[in-house]
Amino acid sequence: GLMGAYGCAIISRNTYVPGTVSSIIGKEELETFGFNKFTRRCGKCGNNCLLTVTEFSDGRKFITNNRCERGAEEENAHIAKPEPLPNLFDMKYKRMFSYKSLPESEAKRGTVGIPRALNIYELYPFWHTFFTSLGFRVVLSPRSSREIYSMGIDTMPSESVCYPAKLVHGHIAALVKKGIKFIFYPGMPYEQVEDETADNHYNCPVVATYPDVIRNNMGEVFGDDVKFACPFLPIATPKRMFQRLCEEFPTIPKSEIKKAVSAAYAEDKKFKADIRKMGEETVKMLDRTGKFGIVLAGRPYHIDPEVNHGLPEMINSYGFAVLTEDSVSHLGKTNHPLRVIDQWMYHSRLYAAASFVREKENLELVQLNSFGCGCDAITTDQVQEIMFAANKLYTVLKIDEVNNLGAARIRLRSLMSVMEERAQKGIAHTAPQDRQWFREFTPDMKKNGYTIIAPIISEFHMPLYLPAVEACGYNVVLVRETKSAVDVGLKYVNNDACYPTIITVGSLIEELLTGKHDPNKTALIITQTGGPCRASNYITLIRKALHEIGMDQVPVISLNFIGLEKHSGFPIDIPIMLQFIYATMYGDLLMRLVYKTRPYEKIKGSTMAMWHKWNVLLGNELARRKHSSFAENCKQMVKDFSEIPVADEVKPRVGLVGEILVKYHSGANNHVVDLIEAEGGEAICPDMLDFFMYGFYNATIKNRYLDGTRMSKFKNNMLIRIVNHLRKPMIKALHGTKFGHPTDIRIMAKKASKVVSLCNIAGEGWFLTAEMLDLFDEGINNIICVQPFACLPNHVTGKGVMKALKELNPSANIVAVDYDPGASEVNQVNRIKLMMSVAFRNMRGEVPAEESALLETAATDDDCNGECANCRRDG
């Protein structure tokens, strides 16, 4: 084919068989040989590839630039093809978007536009039915394409978010271009419950909250005449869903909404039943005919031809049936508990589908993974374990906006070849041998003096947590801070896991591998929030690493206050909770005092000497569980630090916000506070205790907007009141001083609600936005937002809000810095230095707001080489 493309004369038509005429053309044909080359569009799928066609004098064609096998169908017309087997990707896509909208003349309530993106691929049947029942004409954005992608590229705040999320901007722009004046795109923190045995039913943090990104970054596109509605709704609870939709559409009679909601749920159920029937019929047909199929498993939006780049058609052209994960997931049963926390609903389907496939000889599973999907750092390893436990194959394909799928084609053809060879040799799956990963930390372990190894979270807090826990009868040691911990983490953790995961797991495993601790008398401990962020699965990644180093006997203690994993030897009772609260408050106060004093000290080292004095004193008090002196200690600490001689000068104040570990762990943020101070600034880091208060307050938000219970709200509000009461002496000691004081979490929530929905509950969520707004109110306009590369929540409430924050505060000087094992430290330092230079010039009144904004946007994307969306927009 390559020779033919360049006009070479030797062309093989068919494989030569002895005793037959050669397929090489003869002398006479060679003399009349010729070819013509031209380009045309394929048009057989949404990619609409620009094909290069070489047409030879005998009528045959050679086609290049096709992204899938369908583009080369004319070239291979002379080759006998097997009868096509079902392609459920195509069938589901057509079934999903087959709904007919009302004519404009019959739409009594006008037109509503819905973008063909992310959670709409799960819920379009629901929303089309709902709005049609209410008398709206539903207009869907066009099929995804490169043109659609390009339409929204200038409004994307994050270059590292997944391709399906980037496409949302183009779909919204396409609806506006169509003249749609009302666009509906809801946020969905939770999906419907499909597996009662799963740990939760969260949505992916990006899928759940991306409507807020659109709201905060496409204002110019909407203008004044387009209404963009993006309510956060509780789809899992029909009764609560009805109530919330009544709130969102107050002018529509409740009776009509109730009828529409009922019809929507019924159609959603019918649609899913149809997909399951497709799966059942395809599986029966494969069993009957002895043919093979591949379950191409991913998210609902992976049926988008622009996202999957024609992979289903490619597989189908090789004579294999293609099934979706949700077409067979109901046929499988996940063997809970899994190693991971089964908390995302789409992934619950994935695990169930894998559990079904591993028991079928004529099926294999291929997992689609969009680049930048942090959740798949968890799911890929788990699915591999499910498949390998039954001696089955496992393939994962990472896809993004790049459509060169040569490597994917090779891997798929290799998989198919192995499937056929295994069938010929009679290699079958085995009875699944699933492992039991949980090992409880028991009272006997505590009694026998087990050593508990804890990771470093913050240099100010960990030295106080140590005596606080030891006072409760535990023997705790902290890991050492080493550069090599990252290398160890990369060895034992999926490389798509976030930077905090790699550092945390790496440091714990490195400490175990030193040989200083007997693995038969050692345990590890890690915090666990239970939220939709992948951080809830740190504990599961640690267990996997322990297995790989042959130390399965080491228990991993979950430190959580929401009743997740429970260890009888480490109960989270009132005494230990009080110890943690007081240790956290002391750590927050010391951090606040040190950061305010150290940049101005006249005697070098005097601040840290004072810190050391109080660190020892407070450690001794916590070791004795002495809390009665808290008020006096706070008062005296403030007095002592106030008396340290300082220079009378003004420095730029720089707020430090972001992901909790990267924000507080100097090793994780490459000592960013030291850099700020070295550059002549003063760092301000919000209190750690407020992150936990944010978690408590989320129960109120869930009860108000989603389907959280009143009891959960009551309990968590009690915790907020208790903590506020305990912290009151500290706030009193700080009141009226130069050190400032923390803001009540309820006030923080009101501030954040100006910019983002408070239903952003993944990771730092709305609290990250609140921290930046709170800093603005304190007169701190310079902010560094530190985050792990591709941190899902920070796409929405970090980078995703910076444009809106700039509009609220034109003096804002914000830089987002990504941290990753492969990130360039020079790049990080240079961007922070650029921010500092703008801060100094702003302080002197030298930088106009427009120039400051340009400098900020030019420094938001790693290694963009002038090609990122911000640079293209700003020139």
What part of the accessible area of the chain, given as a whole %, is carbon or sulfur when the probe is 1.4 angstrom? 54
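For the ranges 642-650, 721-729, 784-792, what's the packing order if you count other beta-carbon atoms within 10 Å of each residue, average per peptide, and put the highest first?
Values: 642-650: 11.4, 721-729: 15.3, 784-792: 26.3.
With the highest mean Cβ count within 10 Å placed first, the list reads 784-792, 721-729, 642-650.
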Would you grab the residues whose amide H sits under 5 Å from the one on Gly187? Only those 5+ places off in sequence or on another chain, please, with H modelled 1.01 Å from N. Phe232, Leu233
Quick check: the angle from helix 606-623's long axis to the longest principal axis of the chain, C-alpha only, nearest 10 degrees? 90
Using the alpha-carbon atoms, what tilt in degrees (0 to 90, nearest 10) does helix 825-843 show relative to the longest principal axis of the chain? 60
Pairing the Cα long axis of helix 345-357 with the longest principal axis of the chain, what angle in degrees results, from 0 to 90 and rounded to the nearest 10? 50
Calculate the length of the line joining the C-alpha centroid of the stretch 652-683 to that of the stretch 259-306, in whole Å. 49
Candidates (i) 38; (ii) 65; (iii) 31; which is the computed percent of Cα pairs over 46 Å apart? (iii)
So, with +1 on the Cβ of K and R and -1 on the Cβ of D and E, and no other charges, what is the size of the charge dipole of the chain about its Cα centre, to the nearest 20 debye? 2060
Quick check for you: with a 1.4 Å probe and neighbouring chains kept, what is the accessible area per residue of the stretch 88-241, in Å²? 33
How much of Lys284 can a 1.4 Å solvent probe reach, expressed as accessible area in Å² and rounded to 10? 130
State in Å² the accessible area per residue of the stretch 315-373; use a 1.4 Å probe, count heavy atoms of protein chains only, and round to the nearest integer. 22
Say the dipole of the chain comes from +1 at the beta carbon of Lys and Arg and -1 at that of Asp and Glu; which of Val161, Met285, Cys759 then lies farthest toward its positive end? Cys759
Cα lying deepest toward the dipole's positive end in the stretch 613-687, options Ser642, Ser629, Val616, charges on Cβ: Ser629
Find the centroid of the Cα atoms in the stretch 340-392 and in the stretch 728-763, then give the distance between the two in whole Å. 41
³J(HN,Hα) across the stretch 307-321 via Karplus (A = 6.51, B = -1.76, C = 1.60, θ = phi - 60°), whole Hz, x for Gly/Pro? 7, 8, 6, x, 4, x, 5, 4, 4, 4, 5, 8, x, 10, 6
Averaged per residue, what accessible area in Å² does the stretch 532-637 show with a 1.4 Å probe, protein chains only? 38
How many angstrom separate the Cα center of the stretch 132-204 from the Cα center of the stretch 518-567? 36
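The values are calculated or read from the model by the stated rules, or taken from the named source; none is laboratory data. Just so it is clear, the structure is predicted and the values come from calculations on it, not from any experiment. Glycine gets a Cβ as well: all are built from the backbone with ideal geometry, and neighbour counts include every protein chain shown. Accessible surface areas use protein heavy atoms only, side chains included; no ligands, DNA or RNA. Shrake-Rupley method; radii C 1.70, N 1.55, O 1.52, S 1.80 Å.
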